[in-house]
Amino acid sequence: MNGTPKFSKVLSEGDIKIMVRDLADRIRKDYDGAPILLIGVLKGAFVFMTDLMRELRMDVEIDFVRLSSYGKNRHSSGTVTLLKDISRDIRGKHVLIVEEIIDSGRSLKFLYERLIQSEPASLEIVTLLDKAQKRVVHVPVKYVGRKVDDQFLIGYGLDLEERERNLREVLTLSYPN
């Protein structure tokens, strides 16, 4: 990649707030007051998860996992490694996996299959962004904020080599030829 990177806005801070509020409304309606456990996929999902749990306005517990399939690369290696597991028993609980973006689905499938073995009362997935055309494995994603094209995105938890997560909007990154 040569040249100076070009950034283009994909989602504004306002767009994101509306998407998060809409997702929270759907989740709150579906769970009808039942407590839920949000499991955020570190590192990227923590920003989305924070905003989502504030909008839920219901009984919510949280936990985190950390998976790796990218390392320092911009493309998945295809091998998923569990770096941090959940710290609580999820048996009989309503669990919602929170992810900021889904592309190939490999990491999420790995996590979903691992968690379903612990016999939660229910297990669903919520994502802010979905690169559905990049999917190479099926994952049952119930709540999607927005489908996006296959492009490299940064901001709102999405990183560029561990930087840019703190941006309040989502930008696409490209390098001119």
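Taken together, the values in this text are just the output of simple stated rules run on the coordinates, not laboratory data. It should be emphasised that the depicted structure is a prediction, and the values quoted were computed from it without experimental measurement. When we count neighbours, we look across all protein chains shown, and the Cβ atoms used for this are built from the backbone with ideal geometry, even at glycine.
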For the chain, what is the calculated [θ] at 222 nm in deg cm²/dmol (nearest 500), taking -39500 (n - 2.57) for each run of four or more DSSP H residues and dividing by its residue count? -7500 deg cm²/dmol
Candidate aspartates and glutamates for bridging to Lys134, where Cα separation is under 13 Å - those fewer than 8 sequence places away on the same chain excluded: Asp103, Asp149, Asp150
Charge dipole of segment 6-174 built from unit charges on the beta carbon (Lys, Arg +1; Asp, Glu -1), centred at mean Cα; most positive-end Cα among Leu173, Gly145, Phe110 is Leu173
For segment 27-39, in order, what is each residue's ³J(HN,Hα) by Karplus, 6.51 cos²θ - 1.76 cosθ + 1.60 with θ = phi - 60°, in whole Hz (x at glycine and Pro)? 5, 4, 5, 5, 8, 6, x, 5, x, 10, 10, 8, 10
Magnitude of the Cβ-charge dipole of segment 6-174, K/R +1 and D/E -1, about the Cα centre, nearest 20 debye? 300
Need one word for segment 6-174: rounded, prolate or oblate. Basis is the Cα gyration tensor (sqrt eigenvalues a ≥ b ≥ c); a/c below 1.5 gives rounded, then a/b vs b/c decides. oblate
Anchor Lys131: lysines whose Cα lies under 26 Å away (excluding residues fewer than 8 positions away in-chain): Lys6, Lys9, Lys17, Lys29, Lys43, Lys72, Lys84, Lys109, Lys142, Lys147
Candidate cut points under trypsin sites (Lys or Arg not before Pro) in segment 94-142, DSSP loop plus at most 16 other Cβ atoms within 10 Å of their own Cβ, are Lys142
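Quick one: work out the % antiparallel among DSSP beta bridges in the chain, nearest 5.
Given both bridge residues lie in the chain, the antiparallel proportion sits at roughly 35 percent.
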Taking the Cα centre of the chain as the origin and placing charges on Cβ (Lys, Arg +1; Asp, Glu -1), which of Ser12, Thr81, Thr50 is farthest toward the positive end of the dipole? Thr81
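Based on other C-beta atoms within 10 Å, arrange Arg57, Arg168 from fewest to most.
Arg57, Arg168
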